[in-house]
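Structure, as structure tokens:
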Ligand code: NAD
């Protein structure tokens, strides 16, 4: 499986073997569980505004079809390659297994910095990418959603392109769409609100009072900004935030609503303040109660893990903590409570599942129903992870991943080799 290379896939592979050792999975069953069922690479040519033609590489990886269709986001970022996309698809499988959704994991992406495209170019690229994917996706095969660099508008273009090819509107081909075209109430906020809900559960366990707690949030896109607002609403003082252009730290607390307004108006945190500007390398290691990495993978290495001065590490991003950092955090288990990514950010895929179900039934729920059901699923998953971690005295990540891997392993054992 030479095509699955690079640091992000290496990390997913290393994590998987740690779990497989813990679960005593024989060597002969491991490749079948780890390596994706299918990987697609496509060229996406578009006309640029200056009349030139540009070609962007697009990918989609479907990890397994054992439990139902695959499900996963689409990322538009310059880092995208097949190894990164495959790792994200693998993590998505363990996440769906953990929270009990009838999906395998998938992920897709285009290797592009979307900020270099005009709106028209972004639409052309989105439509071209979906058009190339049409033979491989479908509401019962593979359902897309947003991820870094994509949003509700991109999902609307995906849905429209797929639908026009089918000759009828197929809202259930993507989730994370605008409510106006079959999206669900609460999807845009689902990941961030789910993170805040789980932070609250962790704080209850640690006997911490949100009204006296402080937090920093790295990344201020969909996940980071909603998490910051939701923690702020719980009474937590947000003392640091960052995005790719700016970082602000104020131990007295930041005006989160004003930051959010600025970021949605200008597309970035840059230009919000000169006095509060800080070194982004210092953000995650600020003394505070809650650290939320909500941007990129692999931002916490062993040295950063040594320097963390928080009580709760809530992993909003996928794969923010490297295995070498996990070994440090394992030593510091009594000091730092980790809410592992596949649990912490699962709110997104849970509400995506609700959206898919509502689209299939043409029957829609209100926001209260969506959020109540989201909290119920997250609460159940949190309790399962805690019970497993306590029973086997293993770190939270190991408990969470083991539950996810077991779900896939058990389904494969009874189905056979095909899916
Ligand atoms: P987004 O594109 O909306 O936002 C990404 C944010 O990260 C932006 O604010 C960007 O400026 C910032 N960023 C990029 N590089 C950075 C850097 N070096 N330092 C600090 N900030 C940086 O993406 P998103 O949807 O919020 O996704 C963020 C993370 O959450 C990703 O790991 C994604 O896979 C994960 N995730 C997203 C969802 C979802 O529903 N959108 C669900 C689960 C997991």
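Per-residue Cβ neighbour counts within 10 Å put 208, 276, 119, 125 in the sequence 119, 276, 208, 125, beginning with the fewest. Per the Cauchy relation, a quarter of the hull surface: what is the mean projected area of the convex hull of the alpha carbons in region 269-353, in nm²? So the Cα hull casts an average projection of 6.6 nm².
The distance separating the Cα centre of region 336-365 from that of region 170-242 comes to 13 Å. Restricting the calculation to Cα atoms, region 325-419 yields a radius of gyration followed by a Dmax of 16.5, 50 Å.
For the chain, a Gaussian network of Cα nodes joined below 10 Å ranks 215, 51, 202 by mean-square fluctuation, and the top entry is 51. Note on residue 53/residue 301: beta-carbon distance plugged into 1/(1 + (r/R0)^6) with R0 of 51 Å gives a FRET efficiency of 0.80. Between region 377-402 and region 12-91, the C-alpha centres lie 25 angstrom from each other. Here the Gaussian network model covers the chain, with springs between Cα atoms less than 10 Å apart; of 317, 303, 270, 303 fluctuates the most. Here is the P(r) of region 223-323: all C-alpha pair distances, binned every 10 Å from 0, give 15, 51, 30, 3 in whole percents.
A helix-only calculation puts the chain at -15000 deg cm²/dmol for mean residue ellipticity at 222 nm, using -39500 (n - 2.57) for each DSSP H run of at least four residues, averaged over all residues.
Pairwise alpha-carbon distances in the chain exceed 38 Å for 16% of all pairs. Ranking of 67, 206 by neighbouring Cβ atoms within 10 Å, starting from the fewest: 206, 67. Could you work out which residue, out of 91, 157, 365, moves most in a Gaussian network model of the chain, that is, has the largest mean-square fluctuation with Cα springs under 10 Å? Of 91, 157, 365, the Gaussian network model singles out 365 as fluctuating most.
Listed by Cβ neighbour count within 10 Å, with the fewest neighbours leading, 90, 143, 408, 170 appear as 170, 408, 143, 90.
The calculated FRET efficiency for residue 366 paired with residue 410, based on their beta-carbon distance and R0 = 41 Å, is about 0.70.
Every read-out reported here was derived from the displayed coordinates using simple, explicitly stated rules and does not represent laboratory data. Model, not experiment: these values are computed from the prediction. No Cβ is skipped: glycine too gets one built from the backbone with ideal geometry, and neighbour counts run over all protein chains shown.
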